[in-house]
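Working notes for the structure below.
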């Protein structure tokens, strides 16, 4: 077991269940459906639901009326840059004020407010500082400003501590106590936009075509979940970009040779945002800010071209760091460590976060990379996390070993004394061992539903377009297509990294970064997780599958999982050599200690000798030990027997998920049928010898019912839809006539 394919719903008919796809995204009621599908700006939440908003508005309006000097203190990443741009453009148009602004230098200043920078700012006679995308843990800095009689308003989206900094107002969505808050996961730029809404909703509405494209850019770049408020902002932002109200964005898109008419959230994240991000990573973030606030065409063109060049330089440095990190990983026992934590004095602190993301994608382990400053004997780190680990909570557990940290569930930043890195590693590993199971480290692919590839059509795919924009928390609907074969497949792209597959039914599939798998996919049957889409090439449209993952029919390294009602059924039925499959599973650390049902005595004896730490049973069993999985190597003889085994196993599992693995195949049907038929023949022979009517025999009739019950159970146990088997187990009533 190397991966988990978790199927959310099994589709029995050929009509696509759109309501089910919406339900998987938490869209259940008619109101939720309307908001999700139409995403009108009128559905944005009231900005005054944010605690501190009234105080912030009152203080800002006083500052404007009194001609006080206001400064926006931003951040060097795209979220911080776009947040600053939103407030700058708003204040300039609504109040005719050119705000002062300050973006810290990633290397010299580090993240967030710092005393050194504030000392310079105060000398400029600033009366009010408004932070964007930072400040929620700036306790010392807030006290310093209070002493210097400079007022502070904090707008931030990062996780707060138990206490808040001393400020005139603190605006942060984490502080909203109302349940189901619609803007509960907005980025820093979303928080800044809420402030403008509160300051002058009428003017903001007039400015939306120049503000919301910038909000969309920052939201996507910060990998904020594309649901609720974020999704509305991004969906509308992608449409409003076409209006060209942000000259800098228009020029950058042109320089990148993109078509603004069909921009996707993915293109923003992977193509448009990186040049802006690169400025703050290895150059000057103010260049990126000027691109978004300037109206000077010549200046903007020069900046756009410069940012693209900076990004290419960043890509070269990124690749160098990535290769060096890979070299270091060779010396790590990843199975034992459960994470990748590396440090180097030659690494750029502005680039390690991108490399950490790439390593996370490849190894599916928490990654923390440190750029070491030898002069100061400190290191700056960037952390990226797997879905089952909240990296912020993990760092909170390790806070005694770090200087400071901050971030989200999936990503965080930290600083540390260089000589404490080893102690930090040990503490971090301690947290992982206490809070995660072996299975949490497997790659987990979520599948919306299964579908027959031959039933795909353009109308269906057009319906799926309504789910855009796709991104974190709102991925493109993923389908399971089973029992496929290719007519041909070949490598394509730079260095043959990608794969083009021609399926037997005429539909094409493209698999990015799977070029080295051509031989495997050409050699036999396979299943795909894929996103159906319309591919336009040279004026022609055709249906194409964008492949997310694959598994071979006879060698399924990925387990297809059906999960419902506290049961997880792992499907390995009819997957080649079942003895070999069990051997692999029991050798895998994910299966800690298994209880294995084997009805064949010789095979049971074979595995008992080879795997002494696991428990093998037949007709009698004792489940007193703490098992990680229940495995059905053999097929039980009835639903009653199957359910009794599970229920008895369940007694010692408290409220834990019951993880059941199926390895049995069609050969088990023949074996069980032969066993029952053999017993019937024996009974028939015994009755004939005693000159009795064997059809009137109680035992013979029980065996006949046993065969009938087995046939019924066999039909359920081999259905493609294992959710039905879970339902049968959950609702099973004992048949008293069952032998």
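(1) farther than 30 Å from residue 499 by Cβ; (2) buried (at least 20 other Cβ atoms within 10 Å of the Cβ); (3) without any contact (Cβ under 8 Å) to a residue 40 or more places away in the chain: which one isn't true of residue 611, the others all being true? Unmet condition: (2).
Among the residues of the stretch 138-155, the one identified as more than 25 Å from residue 67 (Cα to Cα) and crowded, with 23+ Cβ neighbours inside 10 Å is 138.
Filtering 351, 368 for residues that are under 21 Å from residue 278 (Cβ atoms), surrounded by 22 or more Cβ atoms within 10 Å (Cβ to Cβ) and either under 24 Å from the mean Cα position of the chain (by Cα) or outside the structural domain of residue 278 (by TED's automatic domain parsing) (or both) leaves a single hit, 351. Looking across the stretch 475-489, the residues that are within 15 Å of residue 517 (Cα to Cα) and surrounded by 13 or more Cβ atoms within 10 Å (Cβ to Cβ) come down to 485, 486, 489.
Against the condition part of a helix (DSSP H, G or I) and not assigned by TED's automatic domain parsing to the domain that holds residue 503, how does residue 361 come out, does it pass? Criteria met by residue 361.
Looking across the stretch 30-54 at every residue that is touching a strand residue (DSSP E or B) at 6+ places or on another chain (Cβ under 8 Å) and outside any helix (DSSP H, G or I), the one that is surrounded by the fewest Cβ atoms within 10 Å (Cβ to Cβ) is identified as 51. Residues in the stretch 105-138 that are under 24 Å from residue 349 (Cα atoms), assigned to a loop (DSSP other than H, G, I, E, B) and touching a residue at least 40 places away in the same chain (Cβ under 8 Å): 12 in all. Examine the stretch 379-391 for a residue that is more than 23 Å from residue 157 (Cα to Cα) and modelled with pLDDT of 95 or more, and state whether such a residue exists. Looking through the stretch 379-391, at least one residue is more than 23 Å from residue 157 (Cα to Cα) and modelled with pLDDT of 95 or more.
Taking the listed residues 423, 398, the one that is under 24 Å from residue 106 (Cα atoms), touching a helix residue (DSSP H, G or I) at 6+ places or on another chain (Cβ under 6 Å) and either touching a residue at least 12 places away in the same chain (Cβ under 8 Å) or surrounded by fewer than 20 Cβ atoms within 10 Å (Cβ to Cβ) (or both) is 398, with no other qualifying. A single entry from 245, 261, 267 fulfils the requirement of being within 21 Å of residue 475 (Cβ to Cβ) and either over 23 Å from the mean Cα position of the chain (by Cα) or not in a loop (DSSP other than H, G, I, E, B) (or both): 267.
When 250, 260, 235, 242 are checked against the criterion of being buried (at least 21 other Cβ atoms within 10 Å of the Cβ) and either touching a residue at least 12 places away in the same chain (Cβ under 8 Å) or in contact with a helix residue (DSSP H, G or I) (Cβ under 9 Å, 6 or more places away or on another chain) (or both), a single residue qualifies: 235. State whether one or more residues within the stretch 309-321 are over 27 Å from residue 74 (Cα atoms), touching a helix residue (DSSP H, G or I) at 6+ places or on another chain (Cβ under 6 Å), surrounded by 16 or more Cβ atoms within 10 Å (Cβ to Cβ) and outside the structural domain of residue 98 (by TED's automatic domain parsing). Within the stretch 309-321, one or more residues are over 27 Å from residue 74 (Cα atoms), touching a helix residue (DSSP H, G or I) at 6+ places or on another chain (Cβ under 6 Å), surrounded by 16 or more Cβ atoms within 10 Å (Cβ to Cβ) and outside the structural domain of residue 98 (by TED's automatic domain parsing). Of all residues assigned to the stretch 277-295, at least one qualifies as being over 23 Å from residue 104 (Cα atoms) and either out of contact with any strand residue (DSSP E or B) (no Cβ under 7 Å at 6 or more places or on another chain) or not in a loop (DSSP other than H, G, I, E, B) (or both).
Residues in the stretch 9-29 that are assigned to a loop (DSSP other than H, G, I, E, B) and in contact (Cβ under 8 Å) with a residue 12 or more places away in the chain: 8 in all.
The values are calculated or read from the model by the stated rules, or taken from the named source; none is laboratory data. Everything numeric in this text was worked out from a predicted model, so none of it was measured. Note: ideal-geometry Cβ built from the backbone for every residue, glycine included; neighbour counts use all protein chains shown.
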